[in-house]
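Reviewing the structure listed below.
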Amino acid sequence: MPLNLPIYLDHHATTPVDQRVLEAMLPLFTTNYGNASSKTHSFGRAARELVEASRARIAKSIRAKPKEIVFTSGATEAINLALKGIFRSEHKTPPHFVTAKTEHKALLDCHCWLESEGCQVTYVGVDCDGVVNLDELEEALRTGVTLTSVMAANNETGVVQPVTEIGSLCRQHGSLFFTDATQALGKMALAVDDLNADLLAASAHKLYGPKGCGFLYVRSKPRRARPVTQLHGGGHERGLRSGTLNTPGIVGMAEAIDLCLQEMTGEQQRLRGLRDRLLSGLQNALEGVVVNGSLDRRLAMNLNVSFPGVEAEALMMGLREDLAISTGSACTSEKIEPSHVLSAMGLAEDRIFSSVRFGLGRSTNEAEIDHTVVRVAQEVKRLRGLRIHTTSG
Ligand SMILES: *Cc1c(COP(=O)(O)O)cnc(C)c1O
């Protein structure tokens with residue numbers, strides 16, 4: 001089979017909508033287009049039934065109750081609702097929040113803003129494998145904490161955090177526990193009671209669903225806190241998030257999650273095989289390839305590696321006809337900042353600037369991995385050659 005170039009290996013950033021998901025969504029645009037809040041006619045009723053059936057499917061995927069699912073425009077909004085909403089609901093002044101240094105920018109930016117609003121925030125460190133330091137976390141928890149937020153799996157390194165242990169530490173010390181499961185949902189088993197999670201965020205477009213749709217899980221029992229809404233209006237979603245529901249997105253998200261879960265065991269095994277093939281291929285072809293973050297505690301789809309002596313930016317530029325990859329730290333400014341995730345792991349700056357993230361997905365196959373190994377090896381050798389040339393001459 002001929003390869004379609006460039007090969008997409010950036011499935012942490014987003015994923016294509018699965019054909020089966022698209023087919024489930026299409027009628028919601030054209031025939032079944034009612035507003036789920038319309039109470040007076042069958043169009044509204046039909047939309048509402050589909051929304052509630054989707055809510056039940058999504059709740060079941062994390063072993064929650066349907067009424068605990070709040071639909072949002074994505075994980076960023078769910079994170080904002082969780083953090084700002086809990087901050088607003090807390091009357092103890094000033095509230096103390098705890099999070100980790102390797103969280104997604106959406107979560108760190110929210111905390112940064114909350115600090116300007118008077119919130120006290122402790123940023124817990126990670127070890128060289130990228131795993132949250134539990135001693136440091138527990139020390140912070142002893143001082144009295146309202147909300148602790150640690151992601152389930154990291155978007156740059158794929159490192160899976162010990163969320164079950166973190167959840168029980170939080171419960172033990174009276175803190176609410178929020179986990180950003182955007183990278184983890186559909187790739188590993190997540191049950192909110194096992195995690196002791198009080199809040200959980202996820203997004204459809206990271207698991208072969210549409211962009212612009214996500215959800216926040218909010219524990220109902222025991223009800224320890226309820227976020228204050230950040231979006232006022234018609235009082236949708238039990239008053240937690242106003243705005244007409246994105247019915248195609250919601251139906252697509254439910255279908256996408258179910259497909260991931262149905263195919264999870266086999267698919268994760270397949271991706272792990274391909275990921276290991278990629279790593280051993282690169283290590284056989286090149287000197288000094290180093291993996292960033294724990295290889296064992298990691299999503300099967302992820303490989304984050306450094307090629308010492310090579311600038312990742314130059315490497316990606318040289319490969320852009322063949323490969324769609326990234327460094328993982330979405331750079332929003334002109335200036336390229338070293339990844340805050342790899343920095344927190346204590347990696348030296350040159351290793352960080354030579355790091356690349358490969359994110360494998362449903363369409364990835366052996367032929368694509370083999371082509372990737374060949375092209376990356378060629379390009380790394382070419383760039384290393386140039387460097388030797390310029391430094392010696
Ligand atoms: C993509 C991502 C987000 C943001 O999700 P959106 O739905 O795009 O807003 C948040 N957290 C993690 C870990 C992510 O990977």
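Some observations on this one:
- Between amide H atoms placed 1.01 Å from N, distances below 5 Å from R298 occur with V160, all of them 5 or more places distant or on a separate chain.
- For the chain, the mean residue ellipticity at 222 nm estimated from helices alone is -13000 deg cm²/dmol, where every DSSP H run of n ≥ 4 contributes -39500 (n - 2.57) and the total is divided by all residues, rounded to the nearest 500.
- The distance from the alpha carbon centre of segment 265-307 to that of segment 7-82 is 33 Å, rounded to a whole number.
- With Cα atoms, 0 to 90° folded angle of helix 366-392 axis to the chain main axis: 60
- Summed side-chain charge close to R270 - residues other than R270 whose Cβ falls under 14 Å, Lys, Arg +1, Asp, Glu -1: 0
- Net charge of Cβ neighbours under 12 Å - reference S339; Lys, Arg +1; Asp, Glu -1: +1
- Taking 0.36 nm per residue of sequence separation and removing the Cα-Cα distance, the M317/D370 pair yields an extension gain of 17.1 nm.
- Distant-in-sequence amide contacts of S326, defined by a placed amide H-H separation under 5 Å and a gap of 5 or more residues or a different chain, comprise R357.
- DSSP-assigned coil residues among trypsin sites (Lys or Arg not before Pro) in segment 1-54, each with at most 10 further Cβ atoms within 10 Å: K39
- To the nearest ten degrees, helix 264-285 and the longest principal axis of the Cα atoms of the chain are 20 degrees apart.
- Probe 1.4 Å, accessible area per residue of the chain, Å²: 43
- The stretch between S89 and S363 holds 94.3 nm of extra length on full extension. This uses 0.36 nm per residue minus the Cα-Cα distance.
- GluC sites (Glu not before Pro) within segment 16-125: DSSP coil, no more than 15 neighbouring Cβ in 10 Å: E117
- Simple spin-label estimate for N35 and R171 in nanometres, 7 Å along Cα-Cβ: 4.2
- Per the Debye calculation on segment 19-257 with a single equal scatterer at every Cα and no solvent contribution, log₁₀ I(q)/I(0) for q = 0.16 Å⁻¹ amounts to -1.09.
- Inter-label distance, T244 to S42: 2.1 nm, where each label sits 7 Å from its Cα along the C-beta direction.
- Gain in span if fully extended, T14 to A56, counting 0.36 nm per residue against the direct Cα distance: 12.7 nm
- For T157, net neighbour charge (Lys/Arg +1, Asp/Glu -1) across residues whose Cβ lies under 10 Å away: +1
- Modelled label reach - E287, point 7 Å along Cα→Cβ, segment 363-388 residues with backbone N closer than 18 Å: 377-388
- Legend: calculated FRET efficiency, E138 to H232, from the Cβ-Cβ distance at R0 = 56 Å, rounded to 0.05, equals 0.90.
- For segment 132-223, trypsin sites (Lys or Arg not before Pro) meeting the loop criterion (DSSP other than H, G, I, E, B) and having at most 11 other Cβ atoms within 10 Å: R142, R223.
- Which of D350, D276 is most accessible, then next, and so on - probe 1.4 Å: D350, D276
The values are calculated or read from the model by the stated rules, or taken from the named source; none is laboratory data. Keep in mind the model is a prediction, meaning the values are calculated, not measured. All Cβ positions, even for glycine, are placed from backbone atoms using ideal geometry, and neighbour counts span all protein chains on display. We work out accessible area using only protein heavy atoms, side chains counted, and drop any ligands, DNA or RNA first. Shrake-Rupley method; radii C 1.70, N 1.55, O 1.52, S 1.80 Å.
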